[in-house]
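These notes are about the structure you will find just below.
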Amino acid sequence: MIETETGHLEAALRLPRRTETRAGTVLCHPHPQFGGTMDNRVIYRAGIAAVKAGAAALRFNFRGVGGSTGEHDGGPGEQEDVLAAIDWLSGRFPRLPLIVIGYSFGAWVGLTAGSADPRVAALVGLGAPLSHYDFGFLQSCRKPILLVVGEYDEFCSPNSVEQIRSRLPGEAELQLVEGADHFFAGQLERVETLVAGFLSRWLH
């Protein structure tokens, strides 16, 4: 449990077994009101990718989900949850760089909080709902960024993908997964490979 100002967040930490821990990752799950939890398969596989790259993977439940106290807040409160998770991981690994990885709603909340936090060195957004939330804050972000979007993601119109692609800073990557929907059905291995590759290149 991660203690917060309003209670606590349920969390799970996975560490690399075959290599030293080179970084810490905070993983943010999809929308709680649509069944999103820290056990979501996209977030779980992203955590596996982080560990393969030599990073600790901290998954947690937003407020009001599972064993976490509180109620869903639509974004602002969940950003506070992300910062609480960053605080905890920074305390556990004070000398290591931190990365925020978010999926769907978690991408919006996590990247919003992580882009403004100096302790966070890189950002990963999976299935970022570009058609539903404003990701314009990424335009001025100079941290390494990876966005992974499904070709047929119903929450990322082709126009929104092209708009964000044209506005991302130079170090940012946007990977389009052919044939994938918002849930990356049948493409989780591809997503894991992309995340592990990005983190490995950045860390090594």
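The values are calculated or read from the model by the stated rules, or taken from the named source; none is laboratory data. In this text the structure is predicted, and so the values were computed from the model without any measurement. No Cβ is skipped: glycine too gets one built from the backbone with ideal geometry, and neighbour counts run over all protein chains shown. When the accessible area is computed, the model is the full protein with side chains, heavy atoms only, and any ligands, DNA or RNA have been set aside. Shrake-Rupley method; radii C 1.70, N 1.55, O 1.52, S 1.80 Å.
Can you tell me which residue in the stretch 92-133 is most open to solvent (accessible area, probe 1.4 Å), limited to those that are over 20 Å from residue 22 (Cβ atoms) and assigned to a loop (DSSP other than H, G, I, E, B)? So, considering only residues that are over 20 Å from residue 22 (Cβ atoms) and assigned to a loop (DSSP other than H, G, I, E, B), the one most open to solvent (accessible area, probe 1.4 Å) is 132. Look at the stretch 183-204: where a residue is in contact (Cβ under 8 Å) with a residue 40 or more places away in the chain and more than 19 Å from residue 20 (Cβ to Cβ) and a partner is of a type in the set (Phe, Trp, Tyr) and open to solvent by less than 40 Å² (accessible area, probe 1.4 Å), sitting 6+ places away or on another chain with Cβ atoms under 7 Å, you get 191/184. Condition test on residue 66, is it at pLDDT 95 or above, assigned to a loop (DSSP other than H, G, I, E, B), surrounded by fewer than 21 Cβ atoms within 10 Å (Cβ to Cβ) and not polar (S, T, N, Q)? For residue 66, the condition - at pLDDT 95 or above, assigned to a loop (DSSP other than H, G, I, E, B), surrounded by fewer than 21 Cβ atoms within 10 Å (Cβ to Cβ) and not polar (S, T, N, Q) - is met. Would you check if residue 189 is in contact with a His (Cβ under 6 Å, 6 or more places away or on another chain), surrounded by fewer than 16 Cβ atoms within 10 Å (Cβ to Cβ) and not hydrophobic (A, V, I, L, M, F, W, C)? Taking the combined requirement at face value, the residue does not satisfy it.
When only residues in the stretch 34-60 that are assigned to a loop (DSSP other than H, G, I, E, B) and open to solvent by 10 Å² or more (accessible area, probe 1.4 Å) count, which is farthest from residue 120 (Cα to Cα)? Please lay out each step first, then the result.
Kept after step one, since they are assigned to a loop (DSSP other than H, G, I, E, B), are these residues of the stretch 34-60: 35-40, 53-54.
Among the residues that remain, those that are also open to solvent by 10 Å² or more (accessible area, probe 1.4 Å) are: 35, 37-40.
Numbers: 35: 27, 37: 22, 38: 20, 39: 23, 40: 23 Å.
Among them, the one singled out is 35.
Checked against the criterion of being under 21 Å from residue 117 (Cα atoms) and among the small types (Gly, Ala, Ser), the stretch 30-40 contains not a single residue that satisfies it.
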